[in-house]
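A short worksheet on the structure shown next.
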Amino acid sequence: MDLQTAKTKIHELRNLLNQYGYEYYVLDQPSVPDAEYDRLMQDLIALEEQFPELMSADSPTVRVGGAVLDMFEKVEHRLPMLSLANAFNEQDLRDFDRRIRQAVGDNFSYVCELKIDGLAVSLRYEEGVFVQGSTRGDGTIGEDITANLKTIKSVPLRLKEPVSIEVRGEAYMPKRSFEALNAARQERGEELFANPRNAAAGSLRQLDPKIAASRRLDIFLYGIGNPEAIDADSHSKGLDFLDRLGFKTNKERRKCPTIDEVIEYINGWVEKRPHLPYEIDGIVIKVDSLAQQEELGTTAKSPRWAIAFKFPAEEVVTTLLNIELNVGRTGVVTPTAILEPVKVAGTTVQRASLHNEDLIREKDIKIGDKVVVKKAGDIIPEVVNVLADKRTGEEVDFQMPTHCPECSSELVRLNGEVALRCINPKCPAQIREGLIHFVSRDAMNIDGLGEKVISQLFFEKLIHDVADIYQLTREQLLDLERMGEKSASNLLAAIEASKDNSLEKLLFGLGIRHVGAKAAKTLAIQFGSMNNLAAATKEELIAINEIGEKMADSIVSFFEQEEAKELIEELMACGVNMEYKGPKPLSAEESDSVFAGKTIVLTGKLEVLTRNEAKERIEALGGKVAGSVSKKTHLVIAGKDAGSKLAKAQELGVQVWDEERLLEEFNK
Ligand SMILES: [Zn+2]
């Protein structure tokens, strides 16, 4: 390829990747499958490696993380990043409102926004290009974390208009990323992050941007450091402007003309807060008009026109009754605090993981202690600290055992791990946990076969391995505690139905180390059957995009075990399906469907199919589903109440189908 061709190709790829990234990470409306995005990214990386002179700082390839830094440079903020004064109750809010009224009269409005619990950052753009990102630091001087911020996929590298602007926002770790990160760290025996905020801050302060890239951070932008740079007379219009530039802003914001409406908004979020996919620790209230903001001015520490309402800390005191040991599916032994039942953030808490022995020592936890408990992210109960001054002298030190509490094998600490593990493959606790995993939702999804029933069946020696589940009889089930005729029938039907599951569910259920639900799906699509996968070599596995060396090794050694071979034979003999049954993605050339190679937009409410089903089927037939209508759109599927996208399609003369027509095509 010559330089000129490469230049054109690179330009095309960057535009596509920027567009797809924006749709996926900012609008949350992906128009192409992840695999397509990954493929284009690989192509771009390869081209940039071949033609290093064409590399550019705003190329989407910087998202994978660049060179490791020695240290973070200091950055002076052009305008200080002030912190906000706090309100803790309704009275504080009414006092704030009174002060505003005294200064500017009654004619004004508030804007309320969720206060994201992350790390405050500032992003600087020169003529639309992201040039520098920094932490808040002390408000005047922060640290240059540009390389790490570039790995956050919702941070635009180039704006939709060539403006020079400094924007402020909160980088955060979504709850799901946080849970997955901690689960992986637990599995590897590494120290856990206390909450998503610490995890986000820890990730952004890594000198190796590849670590930040792996942490799945996100960002919401909520302010402009140089408001004079834009044409807006209010905070809310400024946020709308950020939307238009391609930034991700939080859509839950609301204009509230009175303090009563502000309070109503806050009370609503106290309840809805646990259901958000990210953590918030309060509500920010600002006077909307920029002219009035200026009139109100700032104190040395904080603006007078804004206040942060902080949700009450949901911490309660209870007694730590005992410390139990749990042996997980991978043999990690986890100490768990058994608590005097207590209500925290709406639910009763009686257990909290203590993670590992080091943490117990660090927090100086003894059995019988009065402890402060809270829910991290309002989900996971956690022992915050011990009230040492409430001790009576009766408290007992906890000793981590040297042997597995379930099978008495000696516990070991694997290389560099904090966690203690039982490595006996016949350990009953691990087998039981493996059974629970096998029937869980993302695995074989057998309804009615929860933890309690599995434990009973296992304890009664009715099942020893996952194949035994398929040999259970009605009589055996009826002998179990609290198992009636109806439940037994339902359970047998659910077990029977699970035999038809597509291969990926079985693969995930087998609990092969490092093979998660997503990898299982990839393997199932690539190999099509258990036999093919079992015969795959390490090289063949690594050749697949999403399969790394560690996973490949683990898969190969799993299928080398005699026990695994026997188990799969047994499952097969019981009639468990060993083939992939889902749609196979066809390339445009392979498909003779009308969708092949076409770009299709779905809009309005579909009645028979869900959006996702329609999308999956179109993609399976070689079509691409995009989020917005443009000249490049070949076809629009318009459901009920289709709005602006349908209008746009008609304006551009793009072909439009209704759902019925779509179904007809699918059924051909
Ligand atoms: Zn054991």
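Among strands (runs of 3 or more DSSP E) lying entirely in segment 105-173, which contain 2 or more residues that are in contact with a helix residue (DSSP H, G or I) (Cβ under 9 Å, 6 or more places away or on another chain), touching a residue at least 12 places away in the same chain (Cβ under 8 Å) and not small (Gly, Ala, Ser)?
110-116, 119-126, 129-135, 165-172
Please note which strands (runs of 3 or more DSSP E) are completely contained in segment 258-329 and include at least 3 residues that are in contact with an Asp or Glu (Cβ under 9 Å, 6 or more places away or on another chain) and open to solvent by 30 Å² or more (accessible area, probe 1.4 Å).
Of the strands (runs of 3 or more DSSP E) lying wholly inside segment 258-329, those with at least 3 residues that are in contact with an Asp or Glu (Cβ under 9 Å, 6 or more places away or on another chain) and open to solvent by 30 Å² or more (accessible area, probe 1.4 Å) span 315-327.
What number goes with the only condition from (1) more than 15 Å from the ligand (Cβ to nearest atom); (2) surrounded by fewer than 16 Cβ atoms within 10 Å (Cβ to Cβ) that Ser498 does not pass?
The number of the failed condition is (2).
How many residues does segment 248-276 hold that are touching a Ser or Thr at 6+ places or on another chain (Cβ under 8 Å) and more than 29 Å from Lys375 (Cα to Cα)?
Here the count works out to 3.
Looking at segment 367-414 only, could you name the residues that are away from the ligand (no atom under 16 Å from the Cβ), in a loop (DSSP other than H, G, I, E, B), over 20 Å from Phe193 (Cα atoms) and among the β-branched types (Val, Ile, Thr)?
Thr392
Could we say that Lys461 is within 16 Å of the ligand (Cβ to nearest atom), open to solvent by 20 Å² or more (accessible area, probe 1.4 Å), more than 28 Å from Glu579 (Cα to Cα) and part of a loop (DSSP other than H, G, I, E, B) here?
Criteria not met by Lys461.
State whether the residues of segment 39-49 include one that is without any contact (Cβ under 8 Å) to a residue 40 or more places away in the chain, over 27 Å from the mean Cα position of the chain (by Cα) and farther than 30 Å from Tyr24 by Cβ.
Taking every residue of segment 39-49 in turn, none turns out to be without any contact (Cβ under 8 Å) to a residue 40 or more places away in the chain, over 27 Å from the mean Cα position of the chain (by Cα) and farther than 30 Å from Tyr24 by Cβ.
Yes/no matrix, rows are residues, columns are (1) modelled with pLDDT of 95 or more; (2) assigned to a helix (DSSP H, G or I); (3) more than 29 Å from Gly331 (Cα to Cα):
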position: Ala497; (1), (2), (3): no, yes, yes
position: His514; (1), (2), (3): no, no, no
position: Ala524; (1), (2), (3): no, yes, no
position: Glu546; (1), (2), (3): no, no, no
position: Asp553; (1), (2), (3): no, yes, no
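Out of Leu79, Leu47, Leu69, I need the residue that is part of a helix (DSSP H, G or I) and of a type outside the set (Asp, Glu). Which one? Outline the logic, then answer.
Details: Leu79 fails: part of a helix (DSSP H, G or I); Leu69 fails: part of a helix (DSSP H, G or I).
Only one candidate passes the filter, namely Leu47.
Which of the residues belonging to segment 415-446 are among the basic types (Lys, Arg), within 16 Å of the ligand (Cβ to nearest atom) and assigned to a loop (DSSP other than H, G, I, E, B)?
Once the filter is applied, which keeps residues that are among the basic types (Lys, Arg), within 16 Å of the ligand (Cβ to nearest atom) and assigned to a loop (DSSP other than H, G, I, E, B), segment 415-446 yields only Lys426.
Can you find even one residue in segment 591-600 that is free of Cβ contacts under 8 Å to residues at least 12 places away in the same chain, open to solvent by 30 Å² or more (accessible area, probe 1.4 Å) and farther than 30 Å from Lys499 by Cβ?
Yes; the residues of segment 591-600 include at least one that is free of Cβ contacts under 8 Å to residues at least 12 places away in the same chain, open to solvent by 30 Å² or more (accessible area, probe 1.4 Å) and farther than 30 Å from Lys499 by Cβ.
Looking only at segment 116-137, which residues are more than 24 Å from the chain's Cα centre (by Cα) and closer than 30 Å to His275 by Cα?
If the condition is that a residue be more than 24 Å from the chain's Cα centre (by Cα) and closer than 30 Å to His275 by Cα, then Arg136 is the only one that fits.
Residue by residue through segment 607-626, note down the ones that are surrounded by 20 or more Cβ atoms within 10 Å (Cβ to Cβ) and over 17 Å from Pro583 (Cβ atoms).
Ala626
Applying the selection to segment 198-207, what residues are part of a loop (DSSP other than H, G, I, E, B), touching a residue at least 60 places away in the same chain (Cβ under 8 Å) and under 20 Å from Leu157 (Cβ atoms)? Break it down stepwise before answering.
Of segment 198-207, the ones part of a loop (DSSP other than H, G, I, E, B) are 205-207.
After this cut, where a residue has to be touching a residue at least 60 places away in the same chain (Cβ under 8 Å) as well, the list is 205, 207.
Scanning segment 198-207 gives no hits.
Being more than 21 Å from Asn15 (Cα to Cα), modelled with pLDDT under 90 and either among the hydroxyl-bearing types (Ser, Thr, Tyr) or open to solvent by 20 Å² or more (accessible area, probe 1.4 Å) (or both) is the requirement here; does Arg168 meet it?
Answer is no for this residue.
Please enumerate the residues belonging to segment 240-257 that are open to solvent by less than 40 Å² (accessible area, probe 1.4 Å) and touching a residue at least 24 places away in the same chain (Cβ under 8 Å). Break it down into steps so the answer makes sense when it comes.
Taking segment 240-257 first, the residues open to solvent by less than 40 Å² (accessible area, probe 1.4 Å) are 241-243, 245-250, 256.
Selection gives Leu242, Leu245, Gly246, Phe247, Lys248, Thr249, Asn250, Cys256.
Can you find, within segment 330-366, the residue that is surrounded by the fewest Cβ atoms within 10 Å (Cβ to Cβ) among those that are within 16 Å of the ligand (Cβ to nearest atom) and assigned to a loop (DSSP other than H, G, I, E, B)?
Per the stated criteria, the residue is Thr330.
Using beta carbons and a limit of 6 Å, which pairs, at least six apart or on different chains, have the first residue in segment 223-235 and in contact (Cβ under 8 Å) with a residue 60 or more places away in the chain and the second one surrounded by fewer than 16 Cβ atoms within 10 Å (Cβ to Cβ)?
What qualifies is Gly225/Leu79.
Against the definition (among the charged types (D, E, K, R), within 30 Å of Gln456 (Cα to Cα) and in contact (Cβ under 8 Å) with a residue 12 or more places away in the chain), how does Lys518 come out, yes or no?
no
Go through segment 627-641 and give me each residue that's buried (at least 19 other Cβ atoms within 10 Å of the Cβ) and small (Gly, Ala, Ser).
Hits for segment 627-641 are Gly627, Ala638, Gly639.
Looking at (1) closer than 16 Å to Gln526 by Cβ; (2) surrounded by 14 or more Cβ atoms within 10 Å (Cβ to Cβ), which one does Pro583 not meet, given that it meets all the others?
Failing condition for Pro583: (2).
Filter segment 601-638 down to residues that are touching a residue at least 24 places away in the same chain (Cβ under 8 Å) and among the polar types (S, T, N, Q) and give me whichever is farthest from Leu662 (Cα to Cα). Give the steps one after another, and end with the answer.
We begin by selecting, within segment 601-638, every residue touching a residue at least 24 places away in the same chain (Cβ under 8 Å); these are 601-609, 614, 616-617, 619-629, 632-638.
Imposing the further condition that a residue be among the polar types (S, T, N, Q) reduces the set to 603, 628, 633.
Working: Thr603: 13, Ser628: 18, Thr633: 16 Å.
The residue in question is Ser628.
Pairs needed: first member in segment 67-87, farther than 18 Å from Val284 by Cα; second member anywhere, surrounded by fewer than 16 Cβ atoms within 10 Å (Cβ to Cβ) and among the aromatic types (Phe, Trp, Tyr); C-beta distance under 9 Å; at least 6 residues apart or different chains.
none
So in segment 451-497, with the set limited to residues that are within 21 Å of His437 (Cβ to Cβ) and of a type in the set (Asp, Glu), which one is nearest to the chain's Cα centre (by Cα)?
Filtering first and then ranking leaves Glu451.
Considering only residues of segment 216-239 that are assigned to a loop (DSSP other than H, G, I, E, B) and over 20 Å from Leu82 (Cβ atoms), which is most open to solvent (accessible area, probe 1.4 Å)?
Taking the candidates together, the pick is Arg216.
Output the number of residues of segment 174-195 satisfying the condition of being in a loop (DSSP other than H, G, I, E, B), among the hydrophobic types (A, V, I, L, M, F, W, C) and in contact with a Lys or Arg (Cβ under 9 Å, 6 or more places away or on another chain).
Qualifying residue count, segment 174-195: 2.
Inspect segment 102-116 for any residue being under 20 Å from Asn267 (Cβ atoms) and open to solvent by 30 Å² or more (accessible area, probe 1.4 Å) and give the result as yes or no. Give the steps one after another, and end with the answer.
Residues of segment 102-116 under 20 Å from Asn267 (Cβ atoms): 109-116.
Pick out the ones that are also open to solvent by 30 Å² or more (accessible area, probe 1.4 Å) and you get 115.
So far as segment 102-116 goes, yes, one or more of its residues are under 20 Å from Asn267 (Cβ atoms) and open to solvent by 30 Å² or more (accessible area, probe 1.4 Å).
So which residues in segment 122-157 are touching a strand residue (DSSP E or B) at 6+ places or on another chain (Cβ under 8 Å) and surrounded by fewer than 20 Cβ atoms within 10 Å (Cβ to Cβ), if there are any at all?
Gly128, Val129, Val131, Gln132, Gly137, Thr140, Ile141, Glu143, Asp144
The values are calculated or read from the model by the stated rules, or taken from the named source; none is laboratory data. What you see is a predicted model; the values in this text were computed from it and never measured. Cβ coordinates were reconstructed from backbone atoms using ideal geometry, including for glycine residues, and neighbour counts include every protein chain displayed. Heavy atoms of the whole protein, side chains included, go into the accessibility calculation; ligands, DNA and RNA do not. Shrake-Rupley method; radii C 1.70, N 1.55, O 1.52, S 1.80 Å.
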